[in-house]
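Trainee: Take a look at this one; I'll ask things after.
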Amino acid sequence: MARIACVHISSFPLQLLLKQHPDWASRPVAVVAEEKPQAAVLCVNEKARGAGIFPGMRFAAAASLTHQLRAAAVSAAEIEREAKMLRNRLVRFSPQVEPSREEPGVFWLSIAGFRLLYPSLQDWARTVRADIQAQGFDGSVAAGWTRFGTYAAAKVRRGITVFEDCDIERAATGEIPLDALNLDCELRETLLKLGIKTVGAFLGLPPGGLYERFGAEAYRLYRMAAGESWTALRPEKPEIPVAQKIFLDEPEAEATRLLFLIKSSLHPMLN
């Protein structure tokens, strides 16, 4: 089985907002769908949670709880641009990087062949996380054997997680609370009413009739967690920048001649 890793940047839009407004870090902060009183709150930091503000509330209701609340919208274009930048960074550590299409800030990487460049998988994961932090993001890296197992571990464990064995990963995944996963609120509440709080308890449900009783999302989660919907990585092809090199026989300091050399190479590059 091919080894795989997951990079997870929690509350990606919120981290983008705090990068834009670093002076907000000490205050309750929320990302809203749009900057209007009735807009929905999408994600919040811990200080906002402490003030009683949670995703799903209306911005006006959240603002009434504390005058210190700072909130703004983060556009889809901003999220896509930053996610693309991170993917281009991650390609330096793995030639195969697949961004999540459902959850911005989640990336899967192939880790085949890492031993030729790094003494251990832990060293590789530390290097990846250090590069993410250098870009101003707090992220987790989990390396293991399955998409779901590495994703779930990266969601709930800060820092670095390395599963050396499939059975260890499976046991750890079973203990992960459903609250930590990106589930629909109604589905999560329904499962909690039945006393199903962990991935392991969820997998204990009889698969027959799961789709009819809980819907398509629950069935998809079950198949992912059970390893029934395994798919190979679908990496995006990195954009290779167009470049041209000019080798000079002698050092050149004349700006006009340099400009002429650049101009002669520019038109073929544009084509």
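Trainee: Give the residues of the stretch 96-111 that are surrounded by 13 or more Cβ atoms within 10 Å (Cβ to Cβ) and out of contact with any Phe, Trp or Tyr (no Cβ under 9 Å at 6 or more places or on another chain), sorted by residue number.
Mentor: Correct list: F107, S110.
Trainee: So, in the stretch 1-32, of the ones that are part of a loop (DSSP other than H, G, I, E, B) and closer than 28 Å to A143 by Cα, which residue ends up most open to solvent (accessible area, probe 1.4 Å)?
Mentor: Once the filter is applied, the top-ranked residue is M1.
Trainee: If the requirement is being farther than 28 Å from L205 by Cα, in contact with a strand residue (DSSP E or B) (Cβ under 7 Å, 6 or more places away or on another chain) and of a type outside the set (F, W, Y), which of these qualifies: I176, I160, I79?
Mentor: Exactly one residue qualifies, and that residue is I160.
Trainee: Does L109 count as more than 15 Å from A226 (Cα to Cα) and within 14 Å of the chain's Cα centre (by Cα)?
Mentor: yes
Trainee: Of the residues that sit in the stretch 44-60 and are in contact with a strand residue (DSSP E or B) (Cβ under 8 Å, 6 or more places away or on another chain) and closer than 19 Å to L183 by Cβ, which one is surrounded by the fewest Cβ atoms within 10 Å (Cβ to Cβ)?
Mentor: Ranking the qualifying residues of the stretch 44-60, first place goes to G56.
Trainee: Within the stretch 151-179, count every residue that is within 18 Å of the chain's Cα centre (by Cα) and exposed (fewer than 15 other Cβ atoms within 10 Å of the Cβ).
Mentor: Of the residues in the stretch 151-179, 3 are within 18 Å of the chain's Cα centre (by Cα) and exposed (fewer than 15 other Cβ atoms within 10 Å of the Cβ).
Trainee: Looking at (1) among the hydrophobic types (A, V, I, L, M, F, W, C); (2) over 22 Å from E102 (Cα atoms); (3) without any contact (Cβ under 8 Å) to a residue 24 or more places away in the chain, can you tell me which one I53 breaks?
Mentor: All conditions are met except number (3).
Trainee: Going by what's in this entry, would F214 be described as modelled with pLDDT of 85 or more, open to solvent by 20 Å² or more (accessible area, probe 1.4 Å) and among the aromatic types (F, W, Y)?
Mentor: No: the conditions fail for F214.
Trainee: Considering each of W108, W124 in turn, give the residue that is on the phi < 0 side of the Ramachandran plot and in contact with a Cys (Cβ under 9 Å, 6 or more places away or on another chain).
Mentor: Answer to the selection: W108.
Trainee: Could you please let me know if V41 is crowded, with 20+ Cβ neighbours inside 10 Å and either polar (S, T, N, Q) or in a loop (DSSP other than H, G, I, E, B) (or both)?
Mentor: When the stated conditions are applied, V41 does not pass them.
The values are calculated or read from the model by the stated rules, or taken from the named source; none is laboratory data. It should be emphasised that the depicted structure is a prediction, and the values quoted were computed from it without experimental measurement. Cβ: placed from backbone, ideal geometry, glycine included. Neighbour counts: every protein chain shown. For accessibility, only protein heavy atoms count, side chains too; no ligands or nucleic acids. Shrake-Rupley method; radii C 1.70, N 1.55, O 1.52, S 1.80 Å.
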